[in-house]
Ligand code: SF4
Ligand code: SF4
Ligand code: SF4
Ligand code: SF4
Ligand code: SF4
Ligand code: FES
């Protein structure tokens, strides 16, 4: 990119072409006040605080949206400039309530700071402000329009970055304010991004409101414990309690962007329900005991059961929320200490692992922030707003800033569908056929990247043989997607210079992950979209350390670093089948509420000995013989590996609650008690993936897809849709978060009227696996004949789908 | 001459003695300056910095809005306060209520910075200087003690 050199206040600085003067000044170390500029947003020019002058000219130009020019000489603090800024502040203050003493922003309010800095003490423009009512009805966010300075940052971040567009300017001129349509309460994602950018105290978090003053907070940067995006959070701590969470543009990979879980889901850390002491069940009652007694009992029992029924009658179930170090030690404990490969976590990682077969590495092919520079994006079963909110930001940036074409292939229309060029709403479970159809069309249109296919891949013939039959007509029959839509998708994807495919995986998503991932990698290989910038395949793992859990070998089929095992152990769902195991050690998982089976409880009840290590008394922990209290993410050290395989450090910022201990300490203690080596010699080295760019070849692994499950006599095909609250291992203990969602089933208008249920009615949803009572919501996004079941922390809806985790036929009836 | 010397000394001593007795006698008839503390108390000077008082309006509501500036400025970190958000704002449109406000008087150095910091004139210093007590817990002054009349130990 071309570079431009200019001087700002006598300091020379060289920046890229297209940079705004404001940013260039920051790089030169010159501070220009700005109330409406943000690095994530396009210049807007609302506040006129950032005015500067060019040497020898009188005109004042706003620096936030004027790009640099070669040889420019910028002056940022002449008397005229200062005068103009003061006048600007006076105009803002003319209608500002100045209730700083009761304003939560005081102390970090940009207006307050500027008024102080520029010494604005008198105001010729003072007018009596018209008091506007404070909007308090929305969950989590409170809007006090009296304090708003109409900088538009909230509107812009909601639009430009989040792609939600919940709030907007209402009215013009002196009557303008920020609001929703018809002044209804907000019904958005509650990411709180708008709160975070507001330079004044007009948008406030209800959770933080009046809790403390900002200057009393100690800010600590650490990682988000929720999704695999791996955002950095800034925890505001006072009196050993997290009072609020904010983002920091300069810390971490998320540029300060956070979603609702990251920003508002911190309450569980200081929840009064946290377990504080080890518990041992005696005569059906939990008794608090010391650590020594509890761990002694665990070790003794495991040894006893191992001696009586063999090591393979014991199983360990970890969680993708543990740190890498803990996951390593956990599998070490199960494999060396107990001597079995029965170790797993319920991560739905088959999709990620499939990429090892086709592309050689289990994980996404490109860094996250490259998505924004992509030219075409194909989303397959990826409702990113709910599953990976910050990946959605990248997609949104690609579409809106880079004019990328977006193709959404899902079972229903999602929020991202609004911006999509093509919407392929396919029948549940037929995504693979759809991708095969696109591949077929690309071959037919001769859009494949032949040079890449010839040099860098193998197995094209096999793929051709399989996708031959997926003609647009055949695909239309299976998926219900029109041939035109497939052609559009094929053209958009294959003709783009850089195109990527994004597939979400996770506990709340049904479908054949492995096949979808392989089909996606076939498509990417065919068009040469692997191994170059801003292209690639993104199979997104679910939880904050799902990637790490694979790499650390917390799975039955691999040792750390994907080294093969000699005998594959039982997987998570197999372990939880009645009678297979005698004892289990469950860490940080709550199978009863989150696993897709309604018989988990029976299996756990039948266990001779059950150890649960958790922060809370979950329904699973209630069945345990020993409950070990673990620490939260803020109370321990370690590393998480995010979805782009970036290993990031977690910081201990709070003392452990009660007597709870970090999982690592507990595992280490148990390792010693079970006689396995925890010294450096006892551990193995995790090899780096064996990978060379020159010899690398991608493999086409063709996958087939049958027809969607047939639906008869007025039944529906059920699919799940993960809510952004996830399964609820953490969010269930954050009351504020629970307030912004509900467990529900979405039906199309036609189906609802056919079944005679109205919006908001309670219905019984039954499949061959289970029955669940849910609220019914009518949605225009859902196609006829499909029921979309939303997960929610307090109800297990996944049991409808059984351990196959495929779309099932189900009936919906109104509760009598 | 030699034999008069002791006599002169004697006379001078007597004169001085009488002089002294006169002073004593005079003071015997002057009004006394000793204040019979604790049964008697002197008024303190204006601007005296004694125990703080939290001021209330005519309805008995605290003037304090809980901005925390007093706590922020207190060099001895003697002030602690917490606030809560009310569901509905009161008549003045205020929905921030002070839930606890305490001054640890054993830390307070009576500098008066809290009073200077307060934007609402909600805190002022009184003339009360009697805060000695038998128990440290008594040194913690809460809203109730800070708004009421200063507690004074009365002796008969
Ligand atoms: S927004 Fe800033 S200036 Fe306005 S009342 Fe709040 S702290 Fe004061
Ligand atoms: S919370 Fe997020 S989605 Fe909702 S209005 Fe604010 S920025 Fe938009
Ligand atoms: S609410 Fe805040 S961010 Fe939005 S326009 Fe007003 S001052 Fe700007
Ligand atoms: S996107 Fe994921 S990592 Fe980022 S704040 Fe949200 S839940 Fe946390
Ligand atoms: S400074 Fe005044 S208004 Fe603010 S908390 Fe202290 S007493 Fe209350
Ligand atoms: S920052 Fe440039 S006009 Fe507001």
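Before moving on, here are some points about what is shown:
- The spacing between the range A:783-800 and the range B:31-97, judged by their C-alpha centroids, is 57 Å.
- Degrees between helix A:663-673 axis and first principal axis of chain A (Cα, 0 to 90, nearest 10): 30 degrees
- Shape category assigned to the range A:93-252 from the gyration tensor of Cα positions, a/c cut at 1.5: oblate
- Inter-part distance where the range A:685-734 and the range A:297-336 are each reduced to a Cα centre, Å: 27 Å
- For chain A, DSSP calls about 55 percent of its internal beta bridges antiparallel.
- Each of A:792, A:474, A:116 has some number of other Cβ atoms within 10 Å of its Cβ, and from fewest to most they run A:116, A:474, A:792.
- For the options B:50, B:68, B:93, a Gaussian network treatment of chain B with springs between C-alpha atoms closer than 10 Å singles out B:93 as fluctuating the most.
- Nearest 10 degrees, 0 to 90: helix A:513-526 Cα axis against chain A principal axis: 60 degrees
- Net length available on complete extension from residue A:567 to residue A:784 is 73.5 nm, with 0.36 nm assigned per residue and the Cα-Cα distance removed.
- Percent RCO, i.e. relative contact order, over chain A, from Cα pairs under 8 Å lying at least 6 residues apart: 13 percent
- From least to most packed, judged by other beta carbons within 10 angstrom and beginning with the fewest, A:417, B:124 follow the order B:124, A:417.
- Contact order, relative form, for the range A:192-324: 15 percent (alpha carbon pairs under 8 Å, 6 or more residues apart, mean separation divided by residue count).
- Shape of the range A:551-633, Cα gyration tensor, a/c cut at 1.5: oblate
- Nearest-ten-degree value, helix A:431-444 long axis tilted from longest Cα axis of chain A: 70 degrees
- Residue A:250/residue A:681 FRET efficiency (R0 41 Å; Cβ-Cβ; nearest 0.05): 0.50
- Sorted by Cβ neighbour density within 10 Å, fewest at the top, the residues B:67, A:103: A:103, B:67
- Whole-angstrom gap from the range A:62-83 to the range A:412-483, using each part's C-alpha centre: 52 Å
All of the numbers you see were taken from the coordinates with simple rules; none came from a lab. Keep in mind it's a predicted model, so treat the numbers as computed, not measured. All Cβ positions, glycine included, derive from the backbone under ideal geometry; neighbour counts span all protein chains shown.
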